[in-house]
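**Q** Below is one structure. I have some questions about it.
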Amino acid sequence: MKAIVFDMDGVLFDTERVYFEAWDQVAAEMDIEVEEIRDNCAGHNAADIAVMFDEYFGGKVTYAEFGPKKTAAFHKILEERGLPEKEGLHEILKFLKAEGYAIALATSTRKEAAVDHLTKAGILSYFDVLTTGDMFTHGKPDPEIYLTACRLLGSNPAETYAVEDSYPGLESAHRAGMRPIMIPDMFPPTDYTRSIAKEYPSLTALMEALKA
C-alpha cells in the first residue's frame, strides 16, 4: 500500500506566516512580547499552546485572553488576502491520487478550520482520512496523531510518508516510526532534522522525486 500523510499549515498552505502576523498584531495591541513563545508554539495544537503560553507569561496574560483575539486576527487577514496555497499543491495531489496513494491529513489545526481550508482550496476530496488537533489531548511532537492517521488509513507507519515543515511535526512522525519528509517553511533544517527526514524545497520537488 502506498500512503502519505500531510501536515497542513506551512506544507499545503502558506499560512504559518499569517499565524505569526496575527500573533504579532495582537501582541502589539496587548503590549506584550511574544516572539519567543510564538516560535516555540509553532506546530503544536491549541491545548498544548494554551499550557505553554500560560506557563511562559506566569499569569501576566492568559491564552484564554490572547487566543481568541489571535484567531480573529488570523481569519481577518485570510478574508482580506485569500488562502495562500503552496506551490505544486494541486499537482501533487492529482499525481498521488492517480498513482493510487492513500492520502491523509495530520494537522494541529482544529477540524472545522481544516475542513474549511481544504474546501476553499477545492482539495478536500483528495483526503481519505483527516486527523486534527482537537482530536487529541496532546499534539505534536506526541506521535499519536500520526499513528492514528496510519491506523485509519490501514497503512504501516514504516512504509508511510509524513510531509512536515515544523520541528514538532517531524519529531511526531519520527516517533511514530514513519518516513518523515521536510519541506522547510518558517524554520530552517537542522542537523537533527536532516538525520531523521529527507528534505525537499517544495511540493513540486517532492512530486518529482516520487515520480522518479
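**Q** Considering only residues that are in a loop (DSSP other than H, G, I, E, B) and over 28 Å from Ile49 (Cα atoms), which ones fall in the range 68-95?
**A** Once the filter is applied, which keeps residues that are in a loop (DSSP other than H, G, I, E, B) and over 28 Å from Ile49 (Cα atoms), the range 68-95 yields Glu87, Gly88.
**Q** Restricting attention to the range 195-212, which residues are hydroxyl-bearing (Ser, Thr, Tyr) and in a helix (DSSP H, G or I)?
**A** Just the residues of the range 195-212 that are hydroxyl-bearing (Ser, Thr, Tyr), to begin with: 195, 200, 202, 204.
Within the range 195-212, Ser195, Thr204 qualify.
**Q** Here's a follow-up. Any idea which residue in the range 1-51 is modelled with the highest pLDDT, counting only those that are at positive phi and buried (at least 22 other Cβ atoms within 10 Å of the Cβ)?
**A** This residue is Gly10.
**Q** Ile92 passes all but one of (1) buried (at least 18 other Cβ atoms within 10 Å of the Cβ); (2) outside the structural domain of Met8 (by TED's automatic domain parsing); which number fails?
**A** The one condition Ile92 does not meet is (2).
**Q** Right, next: Considering only the range 55-62, I want to know if a residue exists there that is closer than 15 Å to Gly133 by Cβ, of a type in the set (Phe, Trp, Tyr) and either in a helix (DSSP H, G or I) or under 22 Å from the mean Cα position of the chain (by Cα) (or both).
**A** Here is the first cut: in the range 55-62, the ones closer than 15 Å to Gly133 by Cβ are none.
Within the range 55-62, none of the residues are closer than 15 Å to Gly133 by Cβ, of a type in the set (Phe, Trp, Tyr) and either in a helix (DSSP H, G or I) or under 22 Å from the mean Cα position of the chain (by Cα) (or both).
**Q** Looking at the range 130-155, which of its residues are of a type outside the set (Lys, Arg) and over 15 Å from the mean Cα position of the chain (by Cα)?
**A** Thr137, Leu147, Thr148, Cys150, Leu152, Leu153, Gly154, Ser155
**Q** Within the range 102-115, take every residue that is under 18 Å from Ala176 (Cβ atoms) and hydroxyl-bearing (Ser, Thr, Tyr) and give me the one that is surrounded by the fewest Cβ atoms within 10 Å (Cβ to Cβ).
**A** Looking at residues that are under 18 Å from Ala176 (Cβ atoms) and hydroxyl-bearing (Ser, Thr, Tyr), I get Ser108.
**Q** Which residue out of Ala176, Ala162 is of a type in the set (A, V, I, L, M), farther than 11 Å from Ile4 by Cα and out of contact with any Gly (no Cβ under 6 Å at 6 or more places or on another chain)?
**A** Just a single option satisfies the conditions, and that option is Ala176.
**Q** Considering each of Val11, Val51, Val5, Val26 in turn, give the residue that is assigned to a loop (DSSP other than H, G, I, E, B) and either in contact with a Leu (Cβ under 6 Å, 6 or more places away or on another chain) or among the aliphatic types (A, V, I, L, M) (or both). Please lay out each step first, then the result.
**A** Numbers: Val51 fails: assigned to a loop (DSSP other than H, G, I, E, B); Val5 fails: assigned to a loop (DSSP other than H, G, I, E, B); Val26 fails: assigned to a loop (DSSP other than H, G, I, E, B).
Within the list Val11, Val51, Val5, Val26, the selection yields Val11.
**Q** Yes or no: the range 81-103 includes at least one residue that is under 23 Å from Asp142 (Cα atoms), touching a helix residue (DSSP H, G or I) at 6+ places or on another chain (Cβ under 6 Å) and modelled with pLDDT of 95 or more.
**A** yes
**Q** Can you tell me which residue within the range 16-33, out of those that are more than 20 Å from the chain's Cα centre (by Cα) and of a type outside the set (Gly, Ala, Ser), is nearest to Phe136 (Cα to Cα)?
**A** So, considering only residues that are more than 20 Å from the chain's Cα centre (by Cα) and of a type outside the set (Gly, Ala, Ser), the one nearest to Phe136 (Cα to Cα) is Val26.
**Q** Give me the pairs: first residue in the range 186-212 and without any contact (Cβ under 8 Å) to a residue 12 or more places away in the chain, second residue surrounded by fewer than 17 Cβ atoms within 10 Å (Cβ to Cβ), beta-carbon distance under 9 Å, and six or more apart or on different chains, which are they?
**A** Filtered contacts from the range 186-212: Pro189/Glu199; Ala209/Lys198.
**Q** List the residue pairs whose Cβ atoms are under 8 Å apart, where the first residue sits in the range 153-164 and is at positive phi, the second is of a type in the set (A, V, I, L, M, F, W, C), and the two are 6 or more positions apart or on different chains.
**A** What qualifies is Gly154/Met1; Gly154/Ala102.
The values are calculated or read from the model by the stated rules, or taken from the named source; none is laboratory data. Everything quoted here is computed from the prediction, not taken from an experiment. Note that we place each Cβ from the backbone using ideal geometry, even for glycine, and neighbour counts take in every protein chain shown.
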